[in-house]
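In what follows, a single structure is set out as structure tokens and then discussed.
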Amino acid sequence: MTGSFSGAVSRRALLAALGMLSLSACAPGVATSATPKPAESAPSTPTAPSTAAPVAPTAAAATTTRTTKVVWSNWAVDAGSKDRLAEQKDGFEAARRSVALDIQNTPSAEYMTKLLATYAADQAPDVSRLNTEQLPIFAARGQTSDLDVLSTPAADSWLKRADIKPGLVDRYRLAGKLAGLPYGGDMDALYVNRTLLGATNQSVPPSDYEDATWTYDRALALAQALTKRRADGGADQLGIDIGGYRYEGHVENAGGSWFSIDGRSFRGHEPGAAAGIDWLAALVRKHKVAAAPATDESRAFAFASGKLAMSWSSVSQVSNRLRDVADRFDWDVYPVPRWGTNPRVVKSGFSALILSARSKQRDAAWDFLHWVTGPVGSLPDVETGWSVPVFSGLDSRYFVRVGPKKNLSVALNGPKYPSKFPMWTNPNYAEAWRRVQTAIEQVFQGAGTAADVLGGIRAEVDAMLAKS
């Protein structure tokens, strides 16, 4: 997903580093007297997509003396991401002639170590990107500003807009305070090789969420019809893959969850969650329509190979598939299926942008944070397809720069089917999840049913979650 990175440090290392912070760095957030300069707002209903390149700063702007510097830390090191951030820097500085934006990008594997070191030295960036698992730890230590305090005085703050998609901002309120704002949103989707379906006269899945006939049972039947194996058992074509990254969508659609709502106990062994994992395991072991994850076979049958009919992924990957698949075969994006008659859940994932409680340029930093997550500053993210829109008023601009259109309704309508569970807020989640992930892999390898294997780690995981 867009909102994640693989370089997260362990909980123990994270808390140890946070423990190095001085008492002054743990001071409360911003004062209530701050009244930041309101950021511009885009029209609620844009009349036409904007695909033009950003306007270069004028000579006058280039020579303007910038008296304030705002530092923004991110892990956007690939070329496309750096281009987006450079465009946002140009746009913000053109509108704020006295402010210089310093973007500090660090590879994900090194990002958290570097960020924690800056906090320990009381030199934290003004605005930082975090995963949602990390946000509660920073918030609990008093390292994030309460953004409600800053947004309330501004009459035209975008947080007051009526077209914010349901739940996207409220998820960032922790202990009654708005600890961050959503940034870089993604959403679950199913990629389908339409060429393979056409070759076997199979109908493609419904293109929208309204069709209740698109179920997990139907997805399995389609995968079975599209799998081709030789007499020796080897695969020439596979019907579907397993996907990855926590399998939360499958678990919640099946009626379960990994953890209790309060985050204090493990629930992965209970019927709903176990059914979701058993369904995935059966794709490999019983039905033989999928490859086990992280194997040579799964890599050989990646979606871009043209030998995989369906692939669980996320909508942000459309831009990647336009590059690595292009038009070698006909493909599109479809909704995740529904589990029987259960309410449909479409998992979304955003990271967070926070404002350091110790920022020495608080008002300017809030001005930038509000701008870059708002309807003007987020346009490069939305128009390139890197992020799903937070505002329904920007839906018409989603992916307009990319070129060939795919089934974008999957991303635009997915927020209508949100998870009922809050973001993971227990500071011990990272450690607990590593243990859960190992157990899931054992289920995929045939060590037992999900209920048995995951039930066997329940006490161990509960003990991890209970650590102070």
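The values are calculated or read from the model by the stated rules, or taken from the named source; none is laboratory data. Here the structure is a predicted model, which is why all the values come from computation and not from measurement. All Cβ positions, even for glycine, are placed from backbone atoms using ideal geometry, and neighbour counts span all protein chains on display.
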Can you tell me which residues in the stretch 305-334 are small (Gly, Ala, Ser) and under 20 Å from the mean Cα position of the chain (by Cα)?
Ser311, Ser313, Ser314, Ser316, Ser319
Residues being of a type in the set (A, V, I, L, M, F, W, C), out of contact with any helix residue (DSSP H, G or I) (no Cβ under 6 Å at 6 or more places or on another chain) and surrounded by 14 or more Cβ atoms within 10 Å (Cβ to Cβ) - total across the stretch 441-467:
0
Scanning the stretch 395-449 residue by residue, the ones that are closer than 21 Å to Pro335 by Cα and under 19 Å from the mean Cα position of the chain (by Cα) total 17
Regarding Lys405, is this residue surrounded by fewer than 21 Cβ atoms within 10 Å (Cβ to Cβ) and more than 29 Å from Gly80 (Cα to Cα)?
no
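Determine whether the stretch 112-123 contains at least one residue that is surrounded by fewer than 20 Cβ atoms within 10 Å (Cβ to Cβ), part of a helix (DSSP H, G or I) and without any contact (Cβ under 8 Å) to a residue 60 or more places away in the chain.
Checking the stretch 112-123: at least one residue is surrounded by fewer than 20 Cβ atoms within 10 Å (Cβ to Cβ), part of a helix (DSSP H, G or I) and without any contact (Cβ under 8 Å) to a residue 60 or more places away in the chain.
Here's the yes/no breakdown for (1) without any contact (Cβ under 8 Å) to a residue 12 or more places away in the chain; (2) among the polar types (S, T, N, Q); (3) closer than 22 Å to Trp75 by Cβ:
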| site | (1), (2), (3) |
| --- | --- |
| Arg321 | no, no, no |
| Asp330 | no, no, no |
| Val333 | no, no, no |
| Asn342 | no, yes, no |
| Gly349 | no, no, yes |
Name the single residue that is modelled with the lowest pLDDT among those in the stretch 159-189 being of a type in the set (Gly, Ala, Ser) and over 14 Å from Leu353 (Cα atoms).
Gly167
Do you know which residues across the stretch 294-328 are within 19 Å of Phe444 (Cβ to Cβ), in contact with a strand residue (DSSP E or B) (Cβ under 6 Å, 6 or more places away or on another chain) and polar (S, T, N, Q)?
Ser311, Ser313
Given the structure, is Val192 of a type in the set (A, V, I, L, M, F, W, C), touching a Pro at 6+ places or on another chain (Cβ under 8 Å) and touching a residue at least 60 places away in the same chain (Cβ under 8 Å)?
yes
Would you please list the contacts, defined by Cβ atoms under 9 Å and residues six or more apart or on different chains, that run from a residue in the stretch 200-223 that is under 19 Å from Lys416 (Cα atoms) to a residue that is hydroxyl-bearing (Ser, Thr, Tyr) and in a helix (DSSP H, G or I)?
Ser207/Ser409; Asp208/Ser409; Tyr209/Ser409
Within the stretch 350-363, is there a residue that is touching an Asp or Glu at 6+ places or on another chain (Cβ under 7 Å) and charged (D, E, K, R)?
yes
